[in-house]
């Protein structure tokens, strides 16, 4: 099997390992012509050769492989989406049908679910999953939601709720929505005799990479990590980890930063208001860390971690946005990359300004009417496509686009592009624009005399 080698990833790891193309070829049993060919983006390697090259650079093979470009837009018609149908059985019955919306290979995409568990049967829960999710009732019936499996809380107002479909005014606001945290067991059943569907988007979480790394630790090391964050407030525990990393105790940090020992000790013990923001900034400067990590997060969720938006909540949020009318789905600061909007389009077809552009990938599901999508293609030309009910789109980061006509959409997105963690990193980057421009498609070597390698 031929493996596509991404030339930019290859050059990155050559530079990071301080290995020249000649060295890499010798260690991997390849020729320098092979490495030169890969760095020009021509062809790939057979699987065993790709493994040897990865071994020479001391990285997994996946660190070198993959395409080096993404499309601007992926379109799927209603028929295309319906063709992805796959049944799922649970608790001895046909429980769901799943339908997949479009996305590039390897990226996350939303799904539509037919809810098939009857109203007179208590729906059996799943086991939860690492990825947080945003879910909305897209009708036409109401749905029972259940979320009581994590701590065996039993059924109450937080663990059993009806997700209503909108049968009233502003019908483009389709229904109730909610955001669920990682590993929250959940399930659904019909709330009556009407059929019903949900649109659900489980997004990639940065915890995935962290957990994959920590899976390689010993049990003792993992318990040490858990202990470092248990008990007292997160800002205080975070400060302590930075102090330990840099060789400070409370007394020496107080002396170095000029912050009173009593205030510093109280902060470490869990009093998040013991140190004011100007002093937190000073602590960051003393420790060489980002002081914003010492701020207390603000969250609003129920007892099982859900953040809920009723139809009434979403209707109350209706507002103009550029040439559109929008309303918010549920959202929460625990998952800041996750977004959801109801969008109403009502403008002439010849209004062609590309007035939408997003920092991360965006998914759209046409929920009503007929519209025209326009977007800036990879070559800079403006392309267009007609959209009808239940057509679906994936639109890449920073791809300018617009909608015209008479219709409505559900929009969802995550951090596949510029995530909130990327924003922290970007805010700390010296000479940001120059660094990003240098890093794009970077094929410069790390600096050596060609032909003089040992």
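The values are calculated or read from the model by the stated rules, or taken from the named source; none is laboratory data. Everything numeric in this text was worked out from a predicted model, so none of it was measured. Cβ placement follows ideal geometry from the backbone for every residue including glycine, while neighbour counts extend to all protein chains displayed.
Could you list all residues from the stretch 129-149 that are crowded, with 24+ Cβ neighbours inside 10 Å and more than 15 Å from residue 310 (Cβ to Cβ)? Outline the logic, then answer.
Residues of the stretch 129-149 crowded, with 24+ Cβ neighbours inside 10 Å: 132, 134-137, 143, 145, 147.
Answer for the stretch 129-149, where residues must be crowded, with 24+ Cβ neighbours inside 10 Å and more than 15 Å from residue 310 (Cβ to Cβ): 132, 147.
Would you check which residues across the stretch 94-130 are more than 25 Å from the chain's Cα centre (by Cα) and in a loop (DSSP other than H, G, I, E, B) and list them? Break it down stepwise before answering.
Start the filter on the stretch 94-130 by keeping residues that are more than 25 Å from the chain's Cα centre (by Cα), which leaves 94-95, 115-124.
Matches in the stretch 94-130: 116, 117, 118, 119, 120, 121, 122, 123, 124.
Here residue 80 qualifies as surrounded by 15 or more Cβ atoms within 10 Å (Cβ to Cβ) and either part of a helix (DSSP H, G or I) or in contact with a helix residue (DSSP H, G or I) (Cβ under 8 Å, 6 or more places away or on another chain) (or both). If you go through the stretch 1-28 and keep only what is touching a helix residue (DSSP H, G or I) at 6+ places or on another chain (Cβ under 6 Å), surrounded by fewer than 16 Cβ atoms within 10 Å (Cβ to Cβ) and part of a helix (DSSP H, G or I), you end up with just 27. Among the residues making up the stretch 19-56, those that are closer than 19 Å to residue 441 by Cα and under 32 Å from the mean Cα position of the chain (by Cα) are 38, 39, 40, 41, 42, 43, 44.
Can you name every residue in the stretch 131-155 that is closer than 21 Å to residue 333 by Cβ, touching a strand residue (DSSP E or B) at 6+ places or on another chain (Cβ under 9 Å) and not in a strand (DSSP E or B)?
Residues satisfying the conditions are 131, 132, 147.
Rundown of residues vs (1) surrounded by fewer than 22 Cβ atoms within 10 Å (Cβ to Cβ); (2) without any contact (Cβ under 8 Å) to a residue 60 or more places away in the chain; (3) not assigned by TED's automatic domain parsing to the domain that holds residue 411, yes/no style:
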site	(1), (2), (3)
174	no, no, yes
177	no, no, yes
189	yes, no, yes
193	yes, no, yes
213	yes, yes, yes
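When the stretch 159-170 is filtered for residues that are in a loop (DSSP other than H, G, I, E, B) and either out of contact with any strand residue (DSSP E or B) (no Cβ under 9 Å at 6 or more places or on another chain) or loosely packed, with under 14 Cβ neighbours inside 10 Å (or both), the ones remaining, listed by number, are 167, 168, 169. Scanning the stretch 216-249 for residues that are surrounded by 13 or more Cβ atoms within 10 Å (Cβ to Cβ) and in a loop (DSSP other than H, G, I, E, B) returns 232, 233, 248.
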